[in-house]
Structure formats: structure tokens, C-alpha cells
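To start, the structure under review is shown below, and the notes come after it.
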Amino acid sequence: MITLWVKKATGFHLRGTPVSPETPPSGHLAVDVGRGTVLWCYSVRSGLSNDKLLSGVVFAQVDAGVQTPEWYSEQDIMDQIAFPSAGASGVGQLAKRLAELRGEGVHIVGLTGSVASGKSTLAAHLVEALAPACRAQTISTDGFLFSNAELERRGLLDRKGFPETYDRAGMARALTDLRTGPAFFPGYSHDIYDVDPALGRTLPPPDVLILEGLGHAAPSPGLRGDSEPDLLVYLDAAPDDLEAWYVERFRRLWNAAEHDPTSFYARFRHMSPAELEAFARQVWREINLPNLTNHIAPLRAAADLVVAKRADHSLVVMEDRTV
């Protein structure tokens with residue numbers, strides 16, 4: 001038998017026998033599973049058991065090579081739901097094109113799209129798909145958000161994620177520095193909903209850096225400078241799908257906050273599920289949708305590559321303007 005430690009979250013189930021390890025991580029459940037056991041989830045939105053796992057993707061299968069204990073966080077599970085494996089056609093097609101376009105030195109790829117479109121997950125799968133031929137890293141632009149204290153001082157806290165809430169000068173310096181040597185990238189915690197100095201990283205120059213998130217500007221016409229990405233990829237999706245994915249993510253973080261009083265989402269635990277959904281949809285309509293319409297979506301026309309994400313989470317490269 002193998003012991004897996006899985007983060008507790010409403011909407012996620014695991015085949016196996018719960019056990020009590022001597023030192024369980026906070027908010028995790030230990031489960032003993034046998035070789036060949038399949039880990040599975042069901043749709044959070046419907047609450048109904050679904051062996052096809054939304055798009056037919058199985059999370060993981062325990063085999064002889066798994067060591068004990070293995071860590072699978074809630075985000076790990078959602079990553080597997082959000083996209084097929086890195087070898088699947090959409091991710092593989094995009095990774096192949098990025099490798100073909102790579103020149104000498106560090107190749108910086110900007111990846112943007114709406115909140116809840118799946119940018120972080122796509123970036124992680126691209127890093128996997130590019131290996132071992134390319135040493136790739138992914139960094140989120142979230143670390144370049146101004147701190148909550150600074151946003152509050154500027155009267156911008158309610159506009160977090162809009163272009164003016166990012167330290168674009170700091171982002172430009174980091175990209176420029178990475179061209180010639182190690183560079184520092186600040187980190188952000190979605191648990192505390194703020195920049196977290198403990199999560200900052202100093203990166204040596206990789207072959208490919210995927211800078212995913214919001215806060216990107218339209219690329220300069222013609223030859224691009226060292227302080228901006230060499231390529232811009234836009235992850236597109238239908239507005240109704242984006243809203244549904246945002247509400248689902250909000251609900252998932254709200255569920256996880258039940259066991260984590262330090263989470264930003266713990267402040268919403270007094271809400272009923274219906275109240276929570278109504279509040280999440282209000283946030284979407286009043287903040288995220290206007291940001292998408294006015295600031296993010298216009299970057300689609302300026303992007304070098306446009307990738308469409310369908311309702312079933314499959315991907316396809318729709319436009320390649322590098323040809």
C-alpha cells in the first residue's frame with residue numbers, strides 16, 4: 001500500500017482507505033491506496049459523480065514507481081481537470097511552435113487572457129511539453145502587482161488586476177536583467193490575496209521564460225526591446241465559459257478556506273452557497289468583465305499567437321501571426 005496526502009476540498013473524492021499519519025499536513029487527508037488505484041474527482045458545479053471527469057481526463061494512476069508520501073494539492077487536481085496532458089494536440093501544437101520560434105539567448109513568451117481562463121495551468125503544461133529540449137520556466141505577473149497597502153493608498157484596491165495596479169517598470173527591469181544573468185521575480189499568494197516576499201524567486205536565465213498573467217502591454221511594433229516579451233500569446237475563451245470557470249474557482253477557494261482561517265476567502269465563509277455564487281457573479285460583472293472588455297481582450301488583436309479554449313477545456317491554436 002502507498003500513502004497519499006491529499007488536500008481536503010469539497011467536490012474532490014479519492015478511492016482508498018483514510019488513515020492517520022503521525023504528522024499530517026494542515027488541511028490534508030492521508031489515504032492508503034493500492035498499486036494501480038485511480039484517483040478521481042467529480043464536477044464541483046453539478047455535484048454529481050462523473051467518471052469521465054468533465055473532459056475525460058483521469059487525474060493520476062498509482063504505479064510501482066510512486067514513492068511514499070506523494071503530495072497532491074487541490075491545485076494539482078484542478079490542473080489535471082483544466083487541461084489534457086502536455087502531449088495533447090492543443091498544448092503540444094503550441095509548444096512545438098514556441099520551440100520553432102526560439103532564437104538565441106533567453107526567449108520570453110508573454111501569455112495573457114481573462115481571469116480564470118487557465119493561464120497558469122497552460123504555462124505549466126507548456127514547460128512540461130518543452131522539456132527536455134528547452135529549459136523552460138514559468139513566472140506569474142501577479143508578483144508585480146502593487147501590494148494591497150499601496151493599492152489602498154492609491155485608491156486602487158477595488159481595481160486590482162487592472163493595468164494601473166501593476167508595477168510595469170519593475171517587470172520591465174526583471175525581463176531586461178534576465179537577458180544577461182539571474183533576475184529576481186517577486187511572488188504573490190492567492191491565499192492571502194497579496195504580494196508575499198517569501199515567494200520571490202531569483203531565476204538564472206532559462207531557454208524559455210513563460211510570463212503568464214495580466215498586466216501585459218501591447219507589443220512594440222517592429223523590433224521589440226529587451227524589457228518586453230519576444231512573443232505574446234493570447235488565451236481566448238467564450239465570456240459565458242469564463243464566468244462559469246471564475247465562479248467555480250471562487251467556490252473552490254471558498255471551500256478550501258473552511259480549513260484555513262488565514263485564507264483571504266475565509267472572510268466569505270459566513271455566506272451560504274447561493275449567496276457566495278451571487279457574490280462571485282457580481283464580482284465578475286463589476287470588476288473582471290470590464291477589465292476583460294476594456295483592457296485584456298484588446299490584446300487579442302496584438303498577439304502573435306491566439307489559442308482558443310473551448311467549453312470542454314480543449315485547446316487549439318486559432319491564429320499564428322508569426323508566419
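The values are calculated or read from the model by the stated rules, or taken from the named source; none is laboratory data. Quick caveat: nothing in here was measured; it's all calculated off a predicted structure. Neighbour counts run over all protein chains shown; Cβ positions are idealised from the backbone, glycine included.
Numbers for the structure displayed
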{"item": "Filter result (in contact with a strand residue (DSSP E or B) (Cβ under 6 Å, 6 or more places away or on another chain) and either of a type in the set (A, V, I, L, M, F, W, C) or over 20 Å from residue 147 (Cα atoms) (or both)) within the range 204-224", "result": "206, 208, 209, 210, 211, 219"}
{"item": "Single match in 243, 258 (criterion: more than 21 Å from residue 319 (Cα to Cα), crowded, with 17+ Cβ neighbours inside 10 Å and among the acidic types (Asp, Glu))", "result": "243"}
{"item": "Output for the range 71-109, where each listed residue is in a helix (DSSP H, G or I) and at pLDDT below 50", "result": "74, 75, 76, 77, 78, 79, 80, 81, 82"}
{"item": "Checking residue 297 against (1) touching a helix residue (DSSP H, G or I) at 6+ places or on another chain (Cβ under 6 Å); (2) assigned to a helix (DSSP H, G or I); (3) of a type in the set (Gly, Ala, Ser), the condition it does not meet", "result": "(1)"}
{"item": "Answer residue from the range 154-167, given it is over 21 Å from residue 235 (Cα atoms), part of a loop (DSSP other than H, G, I, E, B) and not acidic (Asp, Glu) and is nearest to the chain's Cα centre (by Cα) among those", "result": "156"}
{"item": "Residue list for the range 273-323, filter: touching a residue at least 12 places away in the same chain (Cβ under 8 Å), of a type in the set (Asp, Glu) and within 26 Å of residue 218 (Cβ to Cβ)", "result": "304, 319, 320"}
{"item": "When residues of the range 151-192 are limited to those that are of a type in the set (Asp, Glu) and surrounded by fewer than 14 Cβ atoms within 10 Å (Cβ to Cβ), the one farthest from residue 231 (Cα to Cα)", "result": "152"}
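Yes or no, residue by residue, for (1) over 17 Å from the mean Cα position of the chain (by Cα); (2) modelled with pLDDT of 95 or more; (3) under 22 Å from residue 103 (Cα atoms):
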site	(1), (2), (3)
116	no, yes, no
135	yes, yes, yes
141	no, yes, no
152	yes, yes, no
169	yes, yes, no
178	yes, yes, yes
185	no, yes, no
199	no, yes, no
202	yes, yes, no
